[in-house]
Amino acid sequence: MRLRRKRRLLRAMRKSRELSAVQDQTDCIRPGDILLVATVRNEQIRLPYFLEYYRKLGVNHFLIVDNGSVDGTRDYLRGMPDVSVWHTMASYKNSGFGIDWMNHLKRRYAHGHWVLVVDPDELFVYPFCDSRPLRALTDWLDNSAIRSFSAMLVDVYPKGALDAEPYRAGQDPLEITNWFDSGNYSIKRNPIYGNLWIQGGPRARVFFADQPKKAPALNKIPLVKWDRRYAYVSSTHVLLPRGLNHVYETDGGEKASGALLHTKFLHTFVTKAEEEMLRGQHYAGSAEYKAYAKVPNKQPELWCKWSERYINWRQLEILGLMSKGNWA
């Protein structure tokens, strides 16, 4: 495991040569700042709300890799004092799906900081997020000597066709994608890395009904007190050192955890899925996007009679999809 981690860090160093700074504001990062790292491509329509959401949550600085956007993403971000941007036209797939680039940025700029690693279609929720800022959570984690915090990916979707209500820049996507599967999940332990492996939800139900074991993983560890010796191995599903993956209790009880509301299923979904399937830059030869393309109806309806309308984090806790643990 130590050798695997060192190889990941070496990969990150090599892949850092593929990044060119568009706007480097990292001199503004202060000790104790909470950072957010993301890789984006053609997500300009999502960025206004994404940035607003995480600023309100308590993120102090954004480190963003733009992987060949042609929709004005870089121009939109330019000039924002709390955003640093790097650009690359290199292969997303050959960078470990962006992980190598982000591992480099965290190694260089995030040592000693709490860091969120999320996609632009993911909204992080945690216990008491409606009344306590992210700093309250990280302070509690520090006081509890906890270095990593997990969040289950919860796919949210509209009722009806995905293109029935167009999304506009700056809009809260939960105004449209406000339903989710309250059950229909499987969970097992990965014996190699010690992390949990969760699958299910609407993507397994609709797109992988015949092959549920190939459905996308829903387990993530997006919030980490970063150390330059750490490295993500597979998206934010797996970390090294391996102890960072032990975000659950093994002898009864519950550890605090959050959720990532996955707002992928807007009216932009079909066009985005077709583009990514042709690019072939995603995991397993873009198998997920190929599964989307096989669905006869190009605007599939994910809602079903067991769908539940999203209310707040307390609802997710009651359903067992997240937990406040012993954080009171």
How high is the relative contact order of the chain, in percent, with contacts defined as C-alpha pairs under 8 Å that are six or more residues apart? 23 percent
Roughly what would the spin-label model give for Tyr53 and Met1, points 7 Å off Cα along C-beta, in nm? 3.2 nm
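On a full-extension model of 0.36 nm per residue, what is the gain between Asp130 and Val70, subtracting their alpha-carbon distance, rounded to one decimal in nm? Show your work: numbers first, answer last.
Numbers: separation 60, 0.36 × 60 = 21.60 nm, distance 3.54 nm.
Working it through step by step, the gained length comes to 18.1 nm.
Mind running the shape call on segment 212-282? Use the C-alpha gyration tensor, a ≥ b ≥ c as the square roots of the eigenvalues: rounded below 1.5 for a/c, prolate if a/b tops b/c, oblate otherwise.
Working: a/c = 2.42, a/b = 1.76, b/c = 1.37.
It comes out prolate by the Cα gyration axes.
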Which of Val270, Val59 has the fewest Cβ neighbours within 10 Å, and the rest in rising order: Val270, Val59
Would you please state which residues of segment 102-142 a label at Arg17 would reach in this model, taking the label point 7 Å out along Cα→Cβ and a backbone N cut-off of under 20 Å? 102-108
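Contour minus end-to-end for Ala209 and Arg314, with contour as 0.36 nm per residue of separation and end-to-end as the Cα-Cα distance? Intermediate results must be reported in sequence, preceding the final value.
Values: separation 105, 0.36 × 105 = 37.80 nm, distance 2.94 nm.
Between Ala209 and Arg314, full extension yields 34.9 nm more.
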Does the chain classify as rounded, prolate or oblate by the C-alpha gyration tensor (a ≥ b ≥ c root eigenvalues; a/c under 1.5 gives rounded; else a/b over b/c gives prolate, otherwise oblate)? rounded
Quick check on packing: order 15-21, 117-123, 203-209 by the mean number of other C-beta atoms within 10 Å, highest mean leading. 117-123, 203-209, 15-21
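Per 0.36 nm of contour for each residue apart, how much would the distance between Cys304 and Asn190 grow if the chain were fully extended, relative to their Cα-Cα spacing?
On the way: separation 114, 0.36 × 114 = 41.04 nm, distance 3.07 nm.
Residue separation times 0.36 nm, minus the Cα-Cα distance, leaves 38.0 nm.
Among 224-234, 256-266, 128-138, how do they line up from the highest to the lowest mean number of other beta-carbon atoms within 10 Å? Could the numbers behind the result be given before it?
On the way: 224-234: 19.8, 256-266: 22.6, 128-138: 16.2.
Highest to lowest by the protection proxy: 256-266, 224-234, 128-138.
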Mind giving me the FRET efficiency for His111 and Lys159? R0 is 45 Å, r the Cβ-Cβ distance, nearest 0.05 is fine. 0.50
Given the C-alpha centroids of segment 163-189 and segment 93-139, what is the distance between them in whole angstrom? 20 Å
With -39,500 (n - 2.57) per DSSP H segment of 4 or more residues and division by the full residue count of the chain, the 222 nm estimate, nearest 500 deg cm²/dmol, is -7000 deg cm²/dmol
Which whole-angstrom value gives the distance between the alpha carbon centres of segment 21-61 and segment 200-263? 22 Å
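Of all beta bridges DSSP finds with both residues in segment 2-318, what is the antiparallel percent, to the nearest 5?
On the way: 27 of 47 bridges.
Approximately 55 percent, going by the DSSP bridge assignments.
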Note, ³J(HN,Hα) from phi for segment 74-84, Karplus 6.51, -1.76, 1.60, rounded to Hz, x at Gly and Pro: 5, 5, 5, 7, 5, x, 6, x, 9, 10, 10
Would segment 83-191 count as rounded, prolate or oblate if I go by the C-alpha gyration tensor, calling it rounded below 1.5 in a/c and otherwise prolate when a/b exceeds b/c, oblate otherwise? oblate
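Note down the magnitude of the dipole of the chain about its Cα centre, charges +1 on Lys and Arg C-beta and -1 on Asp and Glu C-beta and zero elsewhere, to the nearest 20 debye.
Details: 48 positive and 35 negative charges, 317 e Å.
Roughly 1520 debye, rounded to the nearest 20.
Taken together, the values in this text are just the output of simple stated rules run on the coordinates, not laboratory data. Predicted model, so just to flag it, every value in this text is computed and none were measured. Every residue, glycine among them, receives a Cβ derived from its backbone with ideal geometry; neighbour counts consider all protein chains shown.
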